[in-house]
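Working notes for the structure below.
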Amino acid sequence: MIKKCLFPAAGYGTRFLPATKAMPKEMLPVVNKPLIQYGVEEALDAGLTEISIVTGRGKRALEDHFDISYELENQIKGTDKEKYLVGIRKLLDECSFSYTRQTEMKGLGHAILTGRPLIGDEPFAVVLADDLCVNLDGDGVLTQMVKLYKQYRCSIIAIQEVDPMETNKYGVIAGDLIGDDLYRVRNMVEKPAPEDAPSNLAIIGRYILTPDIFDLIKQTEPGKGGEIQITDALMKQAQNGCVIAYKFKGKRFDCGGAEGYIEATNFCFENFYKTGKAY
Ligand code: UTP
C-alpha cells in the first residue's frame, strides 16, 4: 500500500515576500504550527509514514524542524511546556524523513521528478503544504484519497469548485462524472483564462500518483511560465490510462497568499487552538 508522501517545498514563495526571503514558506506558522507540520500530520493520519521533502537553498529550517532539539528538550523537561512538543515528537517517532534538493526551481513537475530517487517505483502521495486542508467531520483529505486509490489503482487528484473568474490561478479539469464527487479526467488546462476554462473544477495541492508519472514528466516540455507543469504530465497519464479527480470533503485554505493564510489562522485558532487540540 502507499507509504510515501512527497512534499515539494523548494518554491520561492514570492507571494509572501518579504516574509519568505530567508524563511521557507512551508515554515510560516498557522497559529502555533508551521504549515508543513499540518501536512505531515495529515499524511500520518492517512498511514503515510515515509516523508520525503524536496527542499532548496535557504530551506534548512525544514530539516531542523523535523529533528530533536536537545537543548530545548533539556530546557523544558519536567515543565508543563512539554505538552507543546507532543505533536512533533509523535511525528518524529512514527515517520521517517528524507530530503533532496531541487537546484533550479523549474516548476512543480520538475520538483516532483527531483523526488524520484526518494520515491522509487511505487505509488505515492504529494502534498503542497501551502494548501492547508482540514475536515472537521471525518477523514482527512489524504485519508479519503488513499481509500479511493485502493479502489481505483490509478492517479487521484483533489479538486474543488472555485469562482469561475479565478480559474487562471489553477489547473482546471474537464471530466465525466463516474460516482459521488468523482470524475474520470478527460482534459486538463493549466491556469486558463475564465473564457477558456473547461470547468470551474480546480486542482488543489493533494495528489496520489502512480510512478509512471516520472517518465511522463521527463517527456514534458516547459509549459506556462517556462515551468515544467505537473498538469501536462497528468494530462498524458489521463490520455494513456486513467486519472480520477475527486471533490474532497473538507476545507482548503490557500496559505500561499495573505487572504487564505489569515482565514486559515482564524479557523485553526477557533477550532484547534482554543479547543486545546493544537499541539
Ligand atoms: P507555487 O506555485 O505555490 O510556487 O508552488 P511558489 O514559488 O512556492 O510560490 P509563489 O507562487 O512564488 O508565491 C506550489 C508548490 O510547489 C513547490 C512550492 O514549494 C509549493 O509547495 N515548488 C514549486 C517547488 O518545490 N519547486 C518549484 O520549482 C516550484
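Determine which member of the set L136, L92 is more than 16 Å from the ligand (Cβ to nearest atom), open to solvent by 30 Å² or more (accessible area, probe 1.4 Å) and without any contact (Cβ under 8 Å) to a residue 60 or more places away in the chain. Can you show your working first?
Details: L136 fails: without any contact (Cβ under 8 Å) to a residue 60 or more places away in the chain.
None of the other options fit; the residue is L92.
Scan segment 1-40 for residues that are in contact (Cβ under 8 Å) with a residue 60 or more places away in the chain and not β-branched (V, I, T) and report the count. Qualifying residue count, segment 1-40: 22. Please determine, by comparing only the residues of segment 10-22 that are of a type outside the set (V, I, T) and within 7 Å of the ligand (Cβ to nearest atom), which one is surrounded by the most Cβ atoms within 10 Å (Cβ to Cβ). Only one residue fits best here, namely A10.
Any residue that is open to solvent by 40 Å² or more (accessible area, probe 1.4 Å), farther than 24 Å from G175 by Cα and away from the ligand (no atom under 16 Å from the Cβ) - is there at least one of those in segment 221-234? For segment 221-234, residues open to solvent by 40 Å² or more (accessible area, probe 1.4 Å), farther than 24 Å from G175 by Cα and away from the ligand (no atom under 16 Å from the Cβ): absent. Taking every residue in segment 241-260 that is within 16 Å of the ligand (Cβ to nearest atom) and pairing it with any residue that is basic (K, R) and open to solvent by 50 Å² or more (accessible area, probe 1.4 Å), at least 6 positions away or on another chain, the pairs with Cβ-Cβ distances below 7 Å are G256/R15; G257/R15. Can you find a residue in segment 49-63 that is open to solvent by less than 90 Å² (accessible area, probe 1.4 Å), on the phi > 0 side of the Ramachandran plot and touching a helix residue (DSSP H, G or I) at 6+ places or on another chain (Cβ under 9 Å)? Among the residues of segment 49-63, not one is open to solvent by less than 90 Å² (accessible area, probe 1.4 Å), on the phi > 0 side of the Ramachandran plot and touching a helix residue (DSSP H, G or I) at 6+ places or on another chain (Cβ under 9 Å), which makes the answer no. The numbered conditions (1) within 21 Å of T143 (Cα to Cα); (2) at pLDDT below 90 are all true for G58 except (1). Here V31 meets the list (1) more than 15 Å from the ligand (Cβ to nearest atom); (2) out of contact with any helix residue (DSSP H, G or I) (no Cβ under 6 Å at 6 or more places or on another chain) almost entirely, failing just condition (2). The single residue among K25, K4 that is within 16 Å of the ligand (Cβ to nearest atom) and farther than 18 Å from Y84 by Cβ turns out to be K25.
Please give the number of the condition A22 fails out of (1) in a loop (DSSP other than H, G, I, E, B); (2) in contact with a Lys or Arg (Cβ under 7 Å, 6 or more places away or on another chain). It is condition (2) that A22 fails.
A search for C-beta distances below 7 Å between a residue of segment 64-84 that is among the aliphatic types (A, V, I, L, M) and any residue that is in a helix (DSSP H, G or I) and surrounded by 12 or more Cβ atoms within 10 Å (Cβ to Cβ), counting only pairs 6+ apart in sequence or on different chains, returns I68/L92; I76/E82. Count of segment 73-111 residues, restricted to those that are in a loop (DSSP other than H, G, I, E, B) and either touching a Ser or Thr at 6+ places or on another chain (Cβ under 6 Å) or of a type in the set (V, I, T) (or both), is 4.
The values are calculated or read from the model by the stated rules, or taken from the named source; none is laboratory data. Here the structure is a predicted model, which means the values were calculated and not measured. All Cβ positions, glycine included, derive from the backbone under ideal geometry; neighbour counts span all protein chains shown. These accessible areas exclude ligands, DNA and RNA; they are computed on the full protein's heavy atoms, side chains included. Shrake-Rupley method; radii C 1.70, N 1.55, O 1.52, S 1.80 Å.
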